[in-house]
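So the structure is just underneath, and the comments pick up after that.
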Amino acid sequence: MPTALIIGNSDGIGLATTRRLLDAGWSVTGLSRSESPIEHAAYRHRVVDVAAADYAAVLAEAAEPTPDLCLYCVGIGEAIDLADMRDEVRTFEVNLTGMVRTAAGIIPGMVARERGHFVGLSSLADELVSHEAPSYPATKAGFSNYLAGLAKAVKPHGVAVTTVRFGFVDTKMAKGDVRPMMMSVDRAVHHIERVIAKRPRRYTAPKLAIPLVKALRFFT
Ligand SMILES: NC(=O)c1ccc[n+]([C@@H]2O[C@H](COP(=O)([O-])OP(=O)(O)OC[C@H]3O[C@@H](n4cnc5c(N)ncnc54)[C@H](OP(=O)(O)O)[C@@H]3O)[C@@H](O)[C@H]2O)c1
């Protein structure tokens, strides 16, 4: 039975992917700040905040033995408040440092086994600059850049790393009145299944959003 560790799976894309993998016969461990709505014989859940001091210890216990797949789905993003910028710091801790802490906890075990797949959910926003929420695209830029380098570092050791760059996906995270080309959560999970099967270094969906992002970049 293949094993997966999914970080950020009490809701949204992580929750739907967990359900899909369990249906496909995987054994899954999930981590998030909330309890999981899933009850399944092949599922266990740990409650933890990826920015908390005890995260490394909880992750180490949850990742024993080293899983075949680790999927980092945690992400937050809020409009900037220039009178109180603590959320800016938190966004970096959760979106970027949390992912690197996860890789640091998981990749050495995968390298030792000479197999494994680490997948991080970044965003097409990794190419953008935002004056409304500068931290979100900045964390995703660092996220995508870091995983691109990590992918090259681990490839000779039989381990794959994939950066997934989605446009809008229909979850509570997709805020704003204008959400062009928004895809369903089901469609997003379908893309993740392709990523698990093919293990590309980078995967972007929907492809039609790429020229839109390039144009937006020109105007920001
Ligand atoms: N939805 C979109 O339009 C979209 C587009 C492009 C990329 N993405 C990326 O895709 C990923 C998943 O997004 P989503 O739409 O599924 O978001 P979501 O519905 O808000 O789910 C986020 C998950 O992360 C968990 N989480 C948040 N903060 C956490 C923390 N500090 N520690 C542990 N878990 C935490 C949440 O659970 P708890 O609250 O229980 O902790 C939840 O399970 C994110 O990285 C996002 O940036 C989303």
Specify which of the listed residues (Val89, Val119) is in a helix (DSSP H, G or I), aliphatic (A, V, I, L, M) and modelled with pLDDT of 95 or more.
Val89
Scan (1) closer than 19 Å to Val74 by Cβ; (2) surrounded by 19 or more Cβ atoms within 10 Å (Cβ to Cβ) for the single condition Ala160 breaks and write down its number.
(1)
All positions within region 78-112 that are under 28 Å from Leu22 (Cβ atoms) and either touching a Gly at 6+ places or on another chain (Cβ under 6 Å) or small (Gly, Ala, Ser) (or both):
Asn95, Gly98, Met99, Ala103, Ala104, Gly105, Gly109, Met110, Ala112
Within the bounds of region 184-192, is there any residue that is of a type in the set (Ser, Thr, Tyr) and touching a residue at least 40 places away in the same chain (Cβ under 8 Å)?
no
Among (1) part of a loop (DSSP other than H, G, I, E, B); (2) within 14 Å of the chain's Cα centre (by Cα), which single condition is Pro65 missing?
(2)
Somewhere in region 150-169, is a residue in contact with a strand residue (DSSP E or B) (Cβ under 6 Å, 6 or more places away or on another chain), in a helix (DSSP H, G or I) and within 11 Å of the ligand (Cβ to nearest atom)?
no
Residue hits (region 170-207; more than 10 Å from the ligand (Cβ to nearest atom) and at positive phi) are Met181, Arg199
Can you go through Val111, Val74, Val50 and tell me which one is over 24 Å from Met183 (Cα atoms) and within 11 Å of the ligand (Cβ to nearest atom)?
Val50
I'd like the residue in region 178-202 that is more than 11 Å from Ala16 (Cα to Cα) and among the basic types (Lys, Arg) and, out of all such residues, is surrounded by the fewest Cβ atoms within 10 Å (Cβ to Cβ).
Lys198
Expected output for region 90-105 (first residue without any contact (Cβ under 8 Å) to a residue 60 or more places away in the chain and of a type in the set (A, V, I, L, M), partner in a helix (DSSP H, G or I) and within 11 Å of the ligand (Cβ to nearest atom), Cβ below 7 Å, 6+ apart or cross-chain) is Leu96/Thr139; Leu96/Phe143; Met99/Phe143
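The values are calculated or read from the model by the stated rules, or taken from the named source; none is laboratory data. Values in this document were obtained by computation on a predicted structure and should not be read as measured data. Here the Cβ is made from the backbone with ideal geometry for all residues, glycine too, and neighbour counts use every protein chain on show.
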